[in-house]
Amino acid sequence: MQPSTLTPASGAGAAGRRTGLARPGGAPRWIAPAKAAVFAAGLYPLARLVLFGLTDRLGANPVEFITRSTGLWTLVMLCVTLAVTPLRRMTGINALLRFRRMLGLFAFFYATLHFTTYFWFDKWFDLMAILADVGKRPFITMGFAAFVLLIPLAATSPRAMVRKLGRHWATLHRAIYAIALFGVLHFWWMRAGKHDLAQPKLYAVIVAVLLGWRLAAWGWRRVRG
């Protein structure tokens, strides 16, 4: 299976040239404004949290509000990142792959905010308390595992690292599939204690569809030889 990664793939130049929308360097003209729009959209959850904080709208438990919000947006960004490859295959717009790195890094950014809020404001840097949580609370274990796996993906997202790792880079970035599964389990088990599984079920279906599409595409390529 081809990984949905934290870095974009090449190939958009040829598609852009075929449609007459490419700049002399090969990138379609709409890429720059589209990237700016995606970047602005990616900052929306952070801007919302800042606005809510400044206007005293974080609720009775601000730490819980921030923790849940950043966790949910991490899962959203992971799903959007995983959706890039299927969308590119269905539309034939190869330039969409140029957005994967940005989207993946936003997933890591919100995961970092999520973990930092838990580590700082919930546990007050008490490493032993965190390790105890990881050992006895399954949803914390899954969330911690997902965050740890995200770190090397973010660290190897620059183009220089892609060139340095060569074919091993794609193998490493297949970890995003496990990260998405761990993220869903983290969300599911966290909400299960409160019998509130509507959102976890939705994201479980989304991730199942995105990963199932990859399995089907991989199987079809194998059959075709």
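The values are calculated or read from the model by the stated rules, or taken from the named source; none is laboratory data. Quick caveat, the model's predicted, so the values are computed rather than measured. Backbone-built Cβ (ideal geometry, glycine too); neighbour counts: all protein chains shown.
Looking at V162, is it over 18 Å from the mean Cα position of the chain (by Cα) and either buried (at least 18 other Cβ atoms within 10 Å of the Cβ) or touching a residue at least 60 places away in the same chain (Cβ under 8 Å) (or both)?
yes
Is it the case that V205 is more than 16 Å from F108 (Cα to Cα) and touching a helix residue (DSSP H, G or I) at 6+ places or on another chain (Cβ under 7 Å)?
no
Which helices (runs of 4 or more DSSP H) sit wholly inside the stretch 31-127 and have at least 2 residues that are loosely packed, with under 15 Cβ neighbours inside 10 Å?
Ranges flagged: 31-54, 62-91.
Among the listed residues R222, R174, which satisfies the condition of being farther than 14 Å from G104 by Cα and out of contact with any Leu (no Cβ under 8 Å at 6 or more places or on another chain)?
R222
Out of curiosity, is L215 touching a Ser or Thr at 6+ places or on another chain (Cβ under 9 Å), over 20 Å from F115 (Cα atoms) and either at pLDDT 95 or above or not basic (K, R) (or both)?
no
Is the stretch 135-145 home to any residue that is touching a residue at least 60 places away in the same chain (Cβ under 8 Å), part of a helix (DSSP H, G or I), of a type outside the set (V, I, T) and on the phi < 0 side of the Ramachandran plot?
Looking for residues that are touching a residue at least 60 places away in the same chain (Cβ under 8 Å), part of a helix (DSSP H, G or I), of a type outside the set (V, I, T) and on the phi < 0 side of the Ramachandran plot, one finds at least one in the stretch 135-145, hence yes.
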